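Everything on this sheet refers to the single structure shown next.
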Amino acid sequence: MNYRQPTTRKSMHATLVQDLGVQIVSGQLAPGQKLPSEASLCEAYAISRPVFREAMRALTAKGLIEARPRVGTLVRPRHDWHMLDPDVLHWLMQATPQQEFFNMLSSVRWVIEPAAAALAATNASAEDVDSIAEAYQRMEAARNHEERLQPDLDFHARIADATHNDLLAYLCNMLSMALRESVRYSNQRANFDQLALPRHKAILTAIQNGDALGARHASLVQLEDARVALAKVLGQDPTS
């Protein structure tokens, strides 16, 4: 499965999954609340009972609902949701105020990315370092923020891969869809070349030198710069 984009859905089964998923993640259907009956949903979406049950299995697999004997199908507590499922993450992005979601994502990046940069400085092969440098060079060569987006994402993804820690690389990959949206905004700020590029270059240089502490620090500086840039693009006070 490609975790970089949410699944494209067209069928009525998929529409039911999408609609109920958004209602659950947005809080319209609260944890502990019972879903509408099978009969009412089958009628509303013009679907058969087997199709309805397939949709319920999909939502169950995402940790959003559970069926209880003699009770019905209930929304599960938020801490049970599979937040990194590509659909759940996409619904979360839709349902959460933009600044609130980006703040949540930034907090996760502060936990993961400095550690990934430090591990990459320790574990990266020569080929890994060349690959990270190639992404950075494309960032430098980009003429605008649209051209810069994919190289920027590649830069961070290749650092995660260079850790040679499969769990960490997988986690970063699962977050890539949300990261794309965040970077798409933050890269729109003025003076990117004078502000953000040197901070990315500092991460690259530390990894090239095998300097784990320097890579961690450079990543923290870059993330703070990205936070400020994002706040400015969204019209927020970066000091708040």
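Read-outs: derived from the displayed coordinates by stated rules, not from any lab. Model, not experiment: these values are computed from the prediction. Cβ: placed from backbone, ideal geometry, glycine included. Neighbour counts: every protein chain shown.
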One-quarter of the Cα convex hull surface for segment 153-225, in nm²? 4.9 nm²
Karplus-derived 3J(HN,Hα) from phi for segment 120-131 (6.51 cos²θ - 1.76 cosθ + 1.60, θ = phi - 60°), whole Hz, x at Gly and Pro, runs 4, 4, 7, 9, 5, 7, 4, 5, 4, 4, 5, 5
Apply the Karplus parameterisation 6.51 cos²θ - 1.76 cosθ + 1.60, with θ equal to phi minus 60°, to every residue of segment 152-160 and state each ³J(HN,Hα) to the nearest whole Hz, in sequence, with x for glycine and proline. 5, 5, 4, 4, 6, 5, 6, 5, 4
Mind listing the long-range amide H neighbours of N165? Cut-off is under 5 Å, sequence gap 5 or more, other chains count too, H placed in the peptide plane at 1.01 Å from N. none
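If you count, for each residue, the other Cβ atoms within 10 Å and average over each peptide, how do 161-171, 200-210 line up from highest to lowest? Write down the numbers at each step before the final one.
Numbers: 161-171: 16.1, 200-210: 19.5.
My ranking of the peptides, most packed first, is 200-210, 161-171.
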Label-point separation, W110 to C42 (7 Å along Cα→Cβ), nm: 5.1 nm
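Output the relative contact order of segment 98-233, whole-number percent, from Cα pairs under 8 angstrom with separation of 6+ residues. Walk me through the intermediate numbers first.
On the way: 167 pairs, mean separation 49.4, N = 136.
Reported as a whole number, the value is 36 percent.
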Each label point is 7 Å from the Cα along the Cα-to-Cβ direction; what then is the distance between the points at D130 and L195, in nm? 3.5 nm
